[in-house]
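Peer 1: I am attaching a structure below and will ask some questions about it afterwards.
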Amino acid sequence: MQNNRFIWMTAGAVLIALVFHMTVLNQNEAHAFSNQVIQKGAVGDDVVELQARLQYNGYYNGSIDGVYGWSTYWAVRNFQYEFGLKEIDGLVGESTKQKLTQTTKYNRDFVHKQLNSGKDFTHYGGVPLSKQSSPSKEFKAKMKASSKGSKGGTEGNQQQAAQKKQPQKQQAQPKQQAAPQKQAAPKPKPEEKAKTTAVNMPEGFSQNDIQLMANAVYGEARGEPYIGQVAVAAVIINRVNSPTFPNTVSGVIFEPGAFTAVADGQIWLTPNDTAKKAVMDAINGWDPTEEAMYYFNPNTATSAWIWGRPQIKQIGKHIFCN
C-alpha cells in the first residue's frame with residue numbers, strides 16, 4: 001500500500017514538473033509582444049524581442065540592445081518585404097508581429113539573462129544556446145544576402161529611374177512672385193492607411209501633416225525616382241526645423257511661391273502609396289539631400305537666385321541646395 005502511494009506521489013510530481021516545463025517553454029516561444037505598435041525610437045522589452053526574432057531568422061545582425069534604431073528599421077522593412085506583408089513601413093503592428101511569431105522562436109529567459117549579465121551576445125536560429133557567441137557560416141551567408149534589401153535596392157532603383165526621361169513640374173523658386181492659393185478645390189479624403197499609421201507617428205507629426213506632405217510629394221515629384229520623392233519630403237521637414245521658415249508643415253507647404261504644386265493645384269491630387277512611404281521614410285530620419293532647404297530642375301529653372309545657391313547634389317532631375 002505504501003509502495004503504491006509512493007509511486008502515485010512520484011508520478012504526480014513528475015507530471016507537475018513536466019507541465020511547469022512545458023508552460024515555461026511555451027512562454028518563451030509564444031507571442032510576447034505588447035499591443036503597442038513598435039516604431040523607430042522605441043525602447044524596451046518589445047524591441048528586445050523584435051531584434052532577437054529578426055536576428056533569429058537572419059534579418060538583423062546588430063546588437064540586441066532594446067533600442068529601435070536605423071539598422072532595426074531596415075531589418076523590419078526587409079522582413080516585411082520578403083514575407084509579402086501589405087505594409088512595408090518599418091512599423092511593427094499586429095500583422096508584422098504575427099508573421100514574426102509564426103516564422104521565428106524567441107527564448108525570452110535566455111535573451112534577458114544575457115542582457116542582465118551585460119553580455120554581447122547573439123540569438124541565431126539553428127545554433128545551440130551554448131554556442132550563441134557566433135552564427136554558423138551558412139547563417140552568416142544568409143544574413144549577408146538579406147542585408148542587401150530595401151535600402152540598397154532603393155538606391156539601385158534611383159540610378160535606373162534617373163535615366164528615364166519623364167515630364168515633371170518644377171518647384172517654384174522661393175523668390176518668385178507669390179501665386180494665389182487654390183481655395184475652391186476640396187482636400188482629398190485621407191485613406192484608412194493614413195489613419196492606421198498616424199496614431200503612432202514620431203516627432204509629433206499629425207495625420208493631417210502626413211497627408212499634406214504626401215500630397216506635396218505626389219504633386220511635386222511623382223515622376224521622380226523613389227529616393228527623389230523621399231528627398232522632397234526631407235526638404236519640407238528641413239524647412240519645418242529651420243528658424244528661417246514656418247515651423248509647421250502646412251506653413252511650409254503653403255508659403256507663398258514655395259511650391260509649384262500649390263500654385264497649379266496639383267497639391268490636391270490624391271497621393272499614391274509610394275508618396276506616402278516616401279514621407280514615412282523622411283519622418284523616420286532618411287534625408288538623401290544632406291539637409292538641403294531648396295531644390296530645382298536645372299532644365300527649367302529661370303531664377304538667377306536659385307542658381308546662386310550652394311549646391312549639394314543632384315537626385316533624379318532635381319538639384320538640391322542650401
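Read-outs throughout are calculated quantities, based only on the coordinates presented, and are distinct from any laboratory measurement. Since the structure is predicted, the reported quantities are computational estimates derived from the model, not experimental observations.
Peer 1: With the cut-off at 1.5 for a/c, could you classify region 251-298 from its C-alpha gyration tensor as rounded, prolate or oblate?
Peer 2: Details: a/c = 1.92, a/b = 1.19, b/c = 1.61.
Oblate, since a/c reaches 1.5 and b/c is not below a/b.
Peer 1: Shape call for region 243-322 from the C-alpha gyration tensor, a ≥ b ≥ c root eigenvalues: rounded (a/c under 1.5), prolate (a/b greater than b/c) or oblate?
Peer 2: Rounded shape, in that the Cα axes give a/c under 1.5.
Peer 1: So if each residue of separation counts as 0.36 nm, and I subtract the Cα-Cα distance between residue 35 and residue 70, what length gain in nm does that give?
Peer 2: Stretched fully, the residue 35-residue 70 segment lengthens by 10.4 nm.
Peer 1: Another one. For the cross-link pairs 86/317; 86/113; 105/276; 97/277; 40/313, which exceed 25 Å when the distance is taken from alpha carbon to alpha carbon?
Peer 2: Violating the 25 Å limit, Cα to Cα: 86/317; 86/113; 105/276; 40/313.
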